[in-house]
Amino acid sequence: MRANVSSHDLKVSDHKHHLHPFTDHGALEIDERRVITRADGVWLWDTDGNRMLDGMAGLWCVNVGHGRQEIVEAVRAQMSELSYYNTFFKTTHPPVIELSSVLADLAPDNINMVMYAGSGSEANDTILRLVRTYWALQGQPAKKVVISRKNAYHGSTLAGASLGGMGPMHSQGGLPIPDIHHIDQPYWFGEGMMTGMSEDEFGLWAARELDRAIETIGEENVAAFIAEPIQGAGGVIVPPSTYWPEVKRILERRDILFISDEVICGFGRTGEWFGSGYYDLKPDLMTIAKGLTSGYLPMGGVLVSDEIAEVLHRKGVEFFHGYTYSGHPACCAAALTNLAIIKREGLIARVRDHIGPYFQKRWKALEDHPLVGEARMIGLFGALELVPDENKLMKRFDNVGNAGIITRDHSLRNGLVMRAVRDSLIISPPLSITEEEVDHLVATARKTLDDAWEDIRRQRLA
C-alpha cells in the first residue's frame, strides 16, 4: 500500500474503481467501507485504527487463523523453486502429487482421487459436467438432472449459482440453467415449526422431498443430489436429527450420485474432517475449497470416488475440462502446510472435544435475550435467530432483513464481525480461537443484541 495515503483517500479510490461482490453499490457510501490492512489470529485491523474480532474467519475459510508465517514461508519457498506450471498435457509436479495423496488419506475410503479448481464455485461447475459425463459414458445420457435444495449455496458461476437455491441469484442472468431441480430445505426454525409437525417429523418430511422429486422426475433422468451437510450461507441451517439418516436410506436404494458440498463444512468446521463424516454419509463426490488452504491462497477441488474414477480411466475416454490454475504449485504448498498445522495442533479434536462444546454452551446462553428466538451451533459455526417477541417464536419481523442488518451494523461498530442472513446473525470463527476470545466474542454479541434491541424498539419494528 502506498505510504501516506489517508484512509478516506483509499475509500474514494475503492469507490471509483472497485466493484465488490454481492453489493448494492448505489447504497454503499464511501466512508461505510472498511479497509482491512492487517490480521493476526482471530483479529483484524483497519485503516481507521479499529480492531475487530473476525467472527467469520474471513469468509468461512481462515480455519487456522490469520498470520501463520509457516504458510507464508512454504508459499515463498515453492514460488522460488517452481512458481507455476500447468497440469495439462501429461504434466504434473511434486506439490500436486503430494497434496493429492494427503487428501486421499483424509477422504472417505471410497475416494482416492482429486481434480483441482480455483474455488468452490469452479469445483461445482466441474461436478456438474462430471456427473453428466459419467452417466453418458455409462450409457445413460438421459440422467442429467441434478436435485438441489432451496436456499442452498453452491457458488456464483453459472453452474454453481444454478445448483444453489438462492432466489435473488436466480433473478439475474437467466438462471437457473436447465435440468436443475430444487426441493425444500430442512430449516426447522424458519419453516418447519410453522407446519405443526414436530422437529423429527419435519426432518423426515424434508428428507422425503428428495424421494418425491425422484419419483416425479424419474430415476432414469436424475444424475445426482447435491447438498451441504449444513447449509452455510443459507443461514447455518442445521437439519433435524432425522433428516440425514432418511436421506442416506433413500440414496442407498436409488441409482443416483450423492455430492457433498464441503466448501464450508470441510477441514474441521464441524469437529470432523468433513461434514459428511459428521453425519456418517458416503458421498460419491465432494466439493472442497476455503479451509483447504485456510484462504491463504485460492484453491478448490473435487474429491472423486473410485467408481467414477474407474470410468474416467478407461482407455479412449477424455474428460474435456480443466483450468489454467488447476493444482497450482504455490496453492498446493499453502494447502499442504495448512493441513499439516491442522493435524499437528489437533484442531479437529479440539473443535469436537474442547473449544466447540465450550463455545456452544456460551452461545446457547444467548437464547435468554429478548431479541433471540434460537441460538444454534455445530462445531464452530452457529446462528442467532432474531424475533420480535421471544414468547411467540412463530412471529417474525414485518420487513424481513431489517432487524438482521441493524444488528449486524451494531456488531461491526462493537468490533465483532458477524454476518446477517435474513433476520439472523451467523458466525464461523477460526478454529484456533481461545476460550478467552470466545468469552470476548459472546460478551460483544450480547452487547450488540442489547444495542440492536433498543434500536429496534425505538424504530417500533417490534
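The values are calculated or read from the model by the stated rules, or taken from the named source; none is laboratory data. Just so we're clear, the structure is a prediction, and the values are computed from it rather than from any experiment. For neighbour counting, all protein chains shown are included, and Cβ atoms are generated from backbone atoms with ideal geometry for every residue, glycine included. Note: accessible area is taken over every heavy atom of the protein model, side chains too, but ligands, DNA and RNA are not part of it. Shrake-Rupley method; radii C 1.70, N 1.55, O 1.52, S 1.80 Å.
Here are a few things to note about the model shown:
- Selection status of Thr448, touching a strand residue (DSSP E or B) at 6+ places or on another chain (Cβ under 7 Å), over 23 Å from Tyr296 (Cβ atoms) and either among the acidic types (Asp, Glu) or surrounded by fewer than 21 Cβ atoms within 10 Å (Cβ to Cβ) (or both): no
- Filtered by the rule that a residue be in a loop (DSSP other than H, G, I, E, B) and either open to solvent by 10 Å² or more (accessible area, probe 1.4 Å) or more than 16 Å from Trp453 (Cα to Cα) (or both), segment 379-395 gives Gly379, Leu380, Pro388, Asp389, Glu390, Asn391, Lys392, Leu393, Met394, Lys395.
- Cross-chain or 6+ apart pairs with Cβ under 9 Å, segment 96-107 first and over 18 Å from Leu82 (Cβ atoms), then in a helix (DSSP H, G or I) and open to solvent by 10 Å² or more (accessible area, probe 1.4 Å): Val102/Leu336; Val102/Ala340
- Among the residues of segment 258-303, those that are among the aliphatic types (A, V, I, L, M) and either open to solvent by less than 10 Å² (accessible area, probe 1.4 Å) or in contact with a Cys (Cβ under 8 Å, 6 or more places away or on another chain) (or both) comprise Ile259, Leu285, Met286, Ile288, Ala289, Leu292, Leu297, Met299, Val302, Leu303.
- Residue in segment 196-224 that is surrounded by the fewest Cβ atoms within 10 Å (Cβ to Cβ), counting only those that are in contact with a helix residue (DSSP H, G or I) (Cβ under 6 Å, 6 or more places away or on another chain) and over 15 Å from Ser148 (Cα atoms): Leu204
- Among residues of segment 105-121, those that are surrounded by 23 or more Cβ atoms within 10 Å (Cβ to Cβ) and in a loop (DSSP other than H, G, I, E, B), counted: 1
- Every residue from segment 142-191 that is basic (Lys, Arg) and either more than 19 Å from Tyr243 (Cα to Cα) or part of a loop (DSSP other than H, G, I, E, B) (or both): Lys143, Lys144, Lys150
- Residues that are assigned to a helix (DSSP H, G or I) and open to solvent by 40 Å² or more (accessible area, probe 1.4 Å) within segment 404-435 comprise Ile405, Arg408, Asp409, Leu412, Arg413, Glu435, listed in sequence order.
- Strands (runs of 3 or more DSSP E) contained in segment 1-70 and holding at least 1 residues of a type in the set (Phe, Trp, Tyr) and either within 30 Å of Met377 (Cβ to Cβ) or within 28 Å of the chain's Cα centre (by Cα) (or both): 43-46
- Checklist (1) part of a strand (DSSP E or B); (2) in contact with a Phe, Trp or Tyr (Cβ under 8 Å, 6 or more places away or on another chain); (3) of a type in the set (A, V, I, L, M, F, W, C) applied to Val438, failing item: (1)
- Scanning segment 224-281 for residues that are part of a loop (DSSP other than H, G, I, E, B), without any contact (Cβ under 8 Å) to a residue 40 or more places away in the chain and hydrophobic (A, V, I, L, M, F, W, C) yields a single hit, Cys265.
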